Every structure is written in C-alpha cells, then in structure tokens.
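What follows is a short report on a single structure.
What follows is calculated from the coordinates using simple rules that are stated; it is not laboratory data. For clarity, every value in this text was computed on a predicted model and none was experimentally measured. Cβ sites come from the backbone with ideal geometry, for glycine too, and all protein chains shown count toward neighbours.
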Amino acid sequence: MVKNVETTIKVDKQGRTVLPKDVRVALGIEGETEMVCRVVGSKVILEKFSIESAKKAFAELEEMAPSLEFDTIEVEGEDKYIDREYALRKIGLRSGC
C-alpha cells in the first residue's frame, strides 16, 4: 500500500537530515538502509534502494537513448571502462571477483 506522507525537515550545516519516523515507516525502513538520491529540477527524490529501482532507471535511460545524439565508435579488444559487466559490477548489479 502506497502512503502519502508530507513533512518539513531541516538540513544541518554539514548537509545531513534525518528521515522522520512516519517517513521511515511508510517506506518500510528499519535500521540501516541504502537509498537512491536523485535531483530532478528543484526536487530531491529519495527512494529505498532495490535492484528493481535500478533496473527501472536503466530502462528509462534506454527509452531516452534513441532521442539523444551519440557519436559511436567501434572498439577492438577489451577496455574495462566500457565493458558492460564491469559497469554493472561498479553500480552493484553484479558481484565482482
């Protein structure tokens, strides 16, 4: 069940804030939890991290990609900085060796 919760919070001098209990309860946050933080215009969006939310973000990027103009090049050999598996490991979607 999705709950709508609205509250005012403060940000301290070091940029930290505390999620109020009603927000944590609405998101099912217990103890330490990883969050995804995005800035969209003048909004900050916090989402409880999940593989599903990461896959959704990539799907949205893939939908946008055809409308963007990219220069493409052919690459021979292996380069870890453009390797798909390396990128997925760096963002935590695959376990590394």
message: Can you give the Rg/Rh ratio of the stretch 1-49, where Rg is from the C-alpha atoms and Rh is the Kirkwood radius?
response: 0.94
statement: residue 28 neighbourhood, Cβ < 11 Å, K/R = +1, D/E = -1, net charge +2
- request: Straight distance only, please: which lysines reach the Cα of residue 3 with their own Cα at less than 28 Å, same-chain residues fewer than 8 apart left out?
  value: 21, 43, 48, 55, 56
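Note down the net charge around residue 57, summing +1 for each Lys or Arg and -1 for each Asp or Glu among other residues with Cβ under 12 Å from its Cβ.
On the way: positive: 38, 55, 56; negative: 47, 52, 60, 62, 63.
Charge balance in the 12 Å sphere: -2.
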